[in-house]
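Below is one structure, written out as structure tokens; comments come after it.
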Amino acid sequence: MDYDVLVLGGGIIGCAVAYELSKYNLNIALIEKDYDVADDVAMVNADIVYDGIECKDGLMAKLEIMGNKMLEEVTSKFKVPFKRTGSLIIAEDEKSVKTIEDMYLRAKDRGIDNVEIIDNNEVYKLEPNLTIEVKKAIYSKNIGVVSPYDLAIAYAEVAFDNGVNFRLEEEVLDIQKLSKGLKVTTNKNKFTCKVVVNTIPKDMYSIDTDKTYEKEKSEILTYMLLENEYKNYFSKVVFSMKEDEKKYSVPTLTGGIIGASITQNVVDFSTALNSVSRLIGNINTESIKTVYHSNFYRDNIIVDDSEINQGYVKVMGRNYSQVTLAPAIANLICESITSSLKSKNKKNFIDKRRDFYKFRELSIEEKDQIISLDKRYGKIICMCNQITEGEIIDCIRRPLGARTVEGIKRRTGATFGNCQGAYCLSKIVSILARETDKKLTEIIKDSKHSKMLIGRIKEFNEM
Ligand SMILES: Cc1cc2nc3c(=O)[nH]c(=O)nc-3n(C[C@H](O)[C@H](O)[C@H](O)COP(=O)(O)OP(=O)(O)OC[C@H]3O[C@@H](n4cnc5c(N)ncnc54)[C@H](O)[C@@H]3O)c2cc1C
């Protein structure tokens, strides 16, 4: 067999599974079609860590509760930005009061602590900038905010350092059962293995002919990232439960807020703005840094390990709380595989991420000390977010280092400032070309055909 376990898909779940399995004496590879892991994780680096209150399905709630608890430990161990902000689920009208009262009783039934129903005065005390009408609200201290991309990268880096082989830029074409083990065919190779963990959400392969799951119709989420005067505007995640206009707000880990509106279909900018404004108050459009639409999935996630004896585990469905669920799902899958393969713990497992500096968060003394060791930390590349050349080089040279401009942006935060890369993008492209020994015209933004520079406009000997 080529591998004991093949993990297919390098999203947050695939990376978390690779990390959990890397604690055992197993020969593991992860196959991902893109240039980087976690390429599909939400672009705004502030996901809600749910607490099991809001979801209707009991099993999903259990996974959220588990994931919520586990994330606190994982994020502190791997220095991933995480904050337990708390949340307010607001009833603006009488119909919604009934909804949140039912939700509260369900939370109590599920044994969820740190949750209470509060009146409008208490809500305004907790969020003084809130202007919408409040009848009642559920206040939960459990909800948090996490950087999903940092989390996925952290899982992947530790898994990589513990021997997982990350096969990037390789697309899975099929999975088949053999008389012993399984065969995975990619666009580059054919592999045999004892176990496949398939986390690829959309594809059905030869092995999946008898598998079905119920997909819910996805809705559309419109996100607006608000900065400047919205810095520290809300301290908590705020959900409005109004049935005909679902909207929420998330405090980002860098101080702004996200205003989000959920609709059945894609809406134009002004409709989304009006909806978000009804939660946040009149929005100064000059403070909107980014707007984007995305599908909002509500499928129940099914971890199907019914064929573990034949070596197949499949994760089915897509859900808005997948980042919260990931640690719990990874734990379940790992238990199922290691007991089936009777795996032993790895003695030399290192549960630590290689150190890195977030330069702008350091004191002057710490900055001086690092610059005296490496002058490149004294050269600011992204002026808006104070990201140094040293940090950019480190993110390229680290385990599973960035190979695309998007990879650098997500790892360091460069170009996410007010100028959106107008000042620093060309410098980042040059550093990436130099560090990876490529031509400038070979550097890509994200995917295969997304070249940053199409070609020269004048034929000089050097660029
Ligand atoms: C707008 C939005 C907001 C969200 N907000 C939250 C939130 O607040 N809280 C929360 O907990 N979660 C949230 N989520 C959920 C979460 O960000 C994503 O759903 C999650 O990242 C999906 O994780 P995944 O690993 O299961 O799937 P994916 O990230 O889709 O991973 C699958 C991977 O498989 C790869 N792949 C696909 N096909 C192949 C192939 N043939 N061969 C090899 N590789 C392949 C893909 O490139 C991808 O990397 C949100 C999602 C969205 C879209």
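Computed from the coordinates by the stated procedures, all read-outs in this text should not be read as laboratory data. This is a predicted model, so every value here is computed, not measured. Note that each Cβ is placed from the backbone with ideal geometry, even for glycine, and that neighbours are counted across all protein chains shown.
Things to note:
- Per-residue [θ]222 nm for the chain (sum of -39500 (n - 2.57) over DSSP H runs n ≥ 4, rounded to 500): -9500 deg cm²/dmol
- Over 22 Å between alpha carbons, listed pairs Lys23/Lys448; Lys247/Lys358; Lys79/Lys438; Lys33/Lys183; Lys79/Lys379; Lys23/Lys79: Lys23/Lys448; Lys247/Lys358; Lys79/Lys438; Lys79/Lys379
- Relative contact order for the chain, counting Cα pairs under 8 Å that sit 6 or more residues apart, in percent: 18 percent
- Within the range 199-244: Cβ-based charge dipole about Cα centre, in debye rounded to nearest 20 (Lys, Arg +1; Asp, Glu -1): 180 debye
- When each of Lys409/Lys445; Lys211/Lys314; Lys98/Lys242; Lys190/Lys445 is checked by Cα-Cα distance, pairs over 18 Å: Lys190/Lys445
- In percent, rounded to a whole number, the relative contact order of the range 320-456 is 15, using alpha-carbon pairs under 8 Å and six or more apart.
- Total charge dipole magnitude, the chain, about the Cα centre, Cβ charges on Lys, Arg, Asp, Glu only, Debye to nearest 20: 1200 debye
- Only lysines eight or more places from Lys125 in sequence, or on another chain, were considered; those with a Cα closer than 19 Å are Lys135, Lys136, Lys141, Lys231, Lys236.
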